[in-house]
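Here the structure comes first, spelled out in structure tokens, and everything after it is commentary.
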Amino acid sequence: MRLPLSLIVIVAAASQVGATDCGQITRDQGFDLWCGEVLCTWKLERGEVKRVGTWNAKDPGVELVGDDVAIEQLTPVTSGDTTCIRFELVADIAEDAEVRLNADVFGDGSVEFSERLPTARWKPLSFLIPVRAPYEGVRFELTKRGPGKAVVAQLQAETATGECEGFTVIEPEPAPAGARCAANDQCASGMCRMINDPSSWFGIAQLCVECDPGLGATACPDRQVCGYDGYFSRVLHVTTACVPVAAKPLGEQCRSGAECASGVCNAFVCSTCDGGSPCLGETCGQAYPNGPHVCAAGLHQRGAGQPCATHADCASDRCVGDTREQCKDGRACNTPEQCPVEDGLAPGECTEVGVEGGRCQ
């Protein structure tokens, strides 16, 4: 698909719009939010954490308990926000505790920055880290090894544009599929393509892909098609890769009808009808927002054994299949943590919307 230069410029600019909260990158900077025995917004990777007092007993912090502990937070910051990140923290770290602050650009498991925190007794510490653009999302990780005590009272990351002059720039690993890109060599797959993308402005984006949709039937091995392969991360876009032909049920995201068991992909979702497969005497409508198109959606007209996307599609009011939960942008989810950030760095809702691969009972 060839685009006018003006539109390409607009799309490129839109692709760099990131997500911070007035420059703040991390959530719960003071470790105040606890869900029982664990932090609510920091994920416990391994080991144990404990809520403890700091220099101020009324201002709690987090103690990293044990010889091997790690907590992490995946943030939606992008190069559209900044290419310079400032870390500030206050900690109580014993000499026999090795505490490190790590940064993993794209959140793909490759740590590009690792800094050992010095022994400190509630001493404020600060770091500046320049990151080469483009990038989308950074996973911050705090680790501790050794028997010594380590308590962190505050840890915040914020944009610091213009403050990283003279510092060694972090070069991210080639981007995974679903990341924004400007050239082939920025992608781990070696392919950066302008493609249709349901979650992007104007419905298009230049992304790293695992296969080239423009190559048609030659893009993938036999009995596979270049289509949507789900989301690697909530800070990235849908992955474009080789997927089995005619394997996706009603309600799953798709790029073409070849991916769907129904043979119909309408508005990026496996459906039962579209302009080429019309309903006979019925209206083709969307069952729910960012959902499949079906005949007589919600009108209780489907009989036993016929495909359905919600209970309201069936005369029996009973659609049997897997529960479909998704984020507002249409990606499947099980928890809100799998959904993109919407406001104040908090992820959006993961909502039950219908039935995937349903049949009326």
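Quick note: the coordinates plus some simple rules give every number you see, no bench work behind them. Just so we're clear, the structure is a prediction, and the values are computed from it rather than from any experiment. Using ideal geometry, Cβ is built from the backbone for each residue, glycine included, and neighbour counts are taken over all protein chains shown.
Annotated for the chain: lysine pairs at least 8 residues apart or interchain, Cα distance under 29 Å, count 15.
What is the order of ARG193, ARG46, fewest Cβ neighbours within 10 Å to most? Display every interim value, and only then the final one.
On the way: ARG193 19, ARG46 10.
Result, fewest neighbours first: ARG46, ARG193.
On the basis of the beta-carbon distance and an R0 of 35 Å, LEU33 and ALA94 show a calculated FRET efficiency of 0.85. For the chain, the orientation-averaged shadow of the C-alpha convex hull comes to 21.3 nm² (one quarter of the hull surface). Taken about its Cα centre, the range 20-159 carries a charge dipole of about 260 debye when Lys and Arg each add +1 at the Cβ and Asp and Glu each add -1 at the Cβ.
Working from Cα pairs under 8 Å separated by at least six residues, relative contact order for the range 194-347 is 13 percent.
The fraction of Cα-Cα pairs per 10 angstrom bin, counted from 0 for the range 20-159, comes to 12, 45, 34, 8, 0 percent, rounded to whole percents. Basic side chains Lys and Arg get +1 at the Cβ, acidic Asp and Glu get -1 at the Cβ, and with that the dipole of the chain about its Cα centre reaches some 480 debye. In the chain, helical runs assigned H by DSSP with n ≥ 4 each contribute -39500 (n - 2.57); averaged across all residues and rounded to the nearest 500, the mean residue ellipticity at 222 nm is -1000 deg cm²/dmol.
Here the simple spin-label model places points 7 Å from the Cα toward Cβ, and for ARG116 and ASN184 these points are separated by 4.3 nm. Counting only Cα atoms, the size of the range 295-361 along its three principal axes is 45, 18, 14 Å, in decreasing order.
Say a paramagnetic label sat at a point 7 Å from the Cα of ALA304, along Cα to Cβ; which residues of the range 333-361 have their backbone N under 17 Å from it? So the set is 359-361. Between ALA133 and LYS58, what is 0.36 nm times their sequence separation minus the Cα-Cα distance? Round to one decimal in nm. So the extension gain works out to 22.9 nm. By how many degrees, between 0 and 90 and to the nearest 10, does the Cα long axis of helix 5-15 differ from the longest principal axis of the chain? Once rounded, the angle reads 50 degrees.
Between ALA267 and LEU280, the modelled label-to-label distance comes to 2.5 nm, taking each label 7 Å out from Cα in the direction of the beta carbon.
Take every pair of alpha-carbon atoms less than 8 Å apart whose residues are at least six positions apart; their mean separation over the length of the chain yields a relative contact order of 12 percent. For Cα pairs less than 8 Å apart in space and 6+ apart in sequence, what is the mean separation divided by the residue count of the range 20-159, i.e. the relative contact order in percent? So the answer I get is 35 percent.
Using Cβ counts within 10 Å as a stand-in for footprinting exposure, how do ASP222, ASP229 rank, fewest first?
Numbers: ASP222 6, ASP229 20.
In order of increasing Cβ crowding within 10 Å: ASP222, ASP229.
Among the cysteines of the chain, CYS22 have no other cysteine beta carbon within less than 4.7 Å of their own.
Please give the FRET efficiency for MET194 paired with LYS123, using the beta carbon to beta carbon distance and R0 = 56 Å, rounded to the nearest 0.05. With R0 = 56 Å, the Cβ-Cβ based efficiency is 0.70. Between TYR288, GLY303, GLY251, the Cα set farthest toward the positive side of the dipole of the range 246-360 (charges on each charged residue's Cβ, about the Cα centre) is that of GLY303.
Can you tell me which of 236-246, 280-290, 318-328 comes out highest on packing, and rank the rest after it, using the mean Cβ neighbours within 10 Å?
For the peptides 236-246, 280-290, 318-328, the packing ranking is 236-246, 318-328, 280-290.
Residues THR168, THR41 in ascending order of nearby Cβ atoms (within 10 Å, fewest first): THR168, THR41.
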